[in-house]
Every structure is written in structure tokens, then in C-alpha cells.
Amino acid sequence: PAELEPKWAAQIHGAPSSSVVAGGKVFVASTNTHRLYALDARSGDTAWNYTVGAGIDTPPTVCSGLV
């Protein structure tokens, strides 16, 4: 289309990384809160989130079903 419109928006607490899309999910990290989010690609609903034990400074990587 000539003009794009957002389908959904999600609240990511902190500074978001670039997003990665795989397997029907959008993966994004909050770089300053050390949290990884998996969002449903169709709705933007949070499928899960996980706080890691250290900072995240790059976009998530998905390989063989693992993030």
C-alpha cells in the first residue's frame, strides 16, 4: 500500500534492541533491564519474557528453535 499503518504496538520496558522475527514470534531485548521478550507476531501479545543474568547488547539470535 501507499501508506503503512501499524497492526499492533507492544510495551517494552527499557531500551529495546532491534527485533528478530522467527516462528511466528517477534523477539526483542530490553538492553538496560536485561530482559528478553517473545511477542506473538500477529497480535503483539507477550508470549513470554525472561530476565538474564547480564546485560544484552545485541538483538536476539534464533537458531534451531533456540533463542
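Observations on the model:
- Residues in segment 47-64 that are part of a loop (DSSP other than H, G, I, E, B) and either among the charged types (D, E, K, R) or open to solvent by less than 70 Å² (accessible area, probe 1.4 Å) (or both): Val52, Ala54, Gly55, Ile56, Asp57, Pro59, Pro60, Val62.
- The residues of segment 1-25 that are open to solvent by less than 70 Å² (accessible area, probe 1.4 Å) and of a type outside the set (S, T, N, Q), listed by number, are Ala10, Ile12, Gly14, Ala15, Val20, Ala22, Gly24, Lys25.
- Pairs where the first residue, in segment 39-63, is more than 17 Å from Ser18 (Cβ to Cβ) and the second is loosely packed, with under 15 Cβ neighbours inside 10 Å and of a type in the set (Asp, Glu), C-beta under 7 Å, 6+ apart: Ala47/Asp40
- Every residue from segment 26-46 that is farther than 16 Å from Ala9 by Cβ, open to solvent by 50 Å² or more (accessible area, probe 1.4 Å) and in a strand (DSSP E or B): Arg35
- Test result for Pro16, touching a Ser or Thr at 6+ places or on another chain (Cβ under 9 Å) and of a type outside the set (A, V, I, L, M, F, W, C): yes
The values are calculated or read from the model by the stated rules, or taken from the named source; none is laboratory data. If you're wondering where the values come from, they're calculated on a predicted model, not measured in any experiment. Positions of Cβ are backbone-derived with ideal geometry, glycine not excepted, and every protein chain shown enters the neighbour counts. Heads up: the accessible areas ignore ligands, DNA and RNA and are worked out on the full protein's heavy atoms, side chains in. Shrake-Rupley method; radii C 1.70, N 1.55, O 1.52, S 1.80 Å.
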